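Trainee: Can you read through this structure? Questions will come right after.
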Amino acid sequence: MRISFLLNEPATVSFKLRGAERRTVRRGRLAAGRHSFSVRNLDAGSYRGTLALADDFDKKATAQKSFTIG
């Protein structure tokens, strides 16, 4: 599964995946622009992913998405 996102300013990024398996991906501080990464070898089931962002001034934002792998 591929996660893609666009940053309008530098931020620290982490992605938590919950469901049939649990995974955490920390990307550290990324520059502004388009970014993506892959999460591989997931078991079949329902998942909820949460992308958490924190900028240099510690302003935080999150986005969630649910999906199913057949």
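Coordinate-derived values only; no laboratory data. These numbers come from a predicted model, not from an experiment. Here the Cβ is made from the backbone with ideal geometry for all residues, glycine too, and neighbour counts use every protein chain on show.
Trainee: With a 10 Å cut-off between alpha carbons and a GNM built on the chain, which of PHE15, PHE57, PHE37 moves the most?
Mentor: Evaluated over the chain, the most mobile residue of the options is PHE57.
Trainee: May I ask you to list the trypsin sites (Lys or Arg not before Pro) in the chain that are in a DSSP loop and have at most 12 other Cβ atoms within 10 Å of their Cβ?
Mentor: Filter output for the chain: ARG22, ARG40, LYS59.
Trainee: Considering only LEU17, LEU42, LEU53, give the residue with the highest GNM mean-square fluctuation for the chain, with springs between Cα atoms whenever their separation is below 10 Å.
Mentor: In this elastic network of the chain, the residue with the biggest mean-square fluctuation among LEU17, LEU42, LEU53 is LEU42.
Trainee: Which shape class applies to the chain: rounded if a/c is under 1.5, otherwise prolate when a/b exceeds b/c and oblate if not, where a ≥ b ≥ c are the square roots of the Cα gyration tensor eigenvalues?
Mentor: Here the chain falls in the prolate category.
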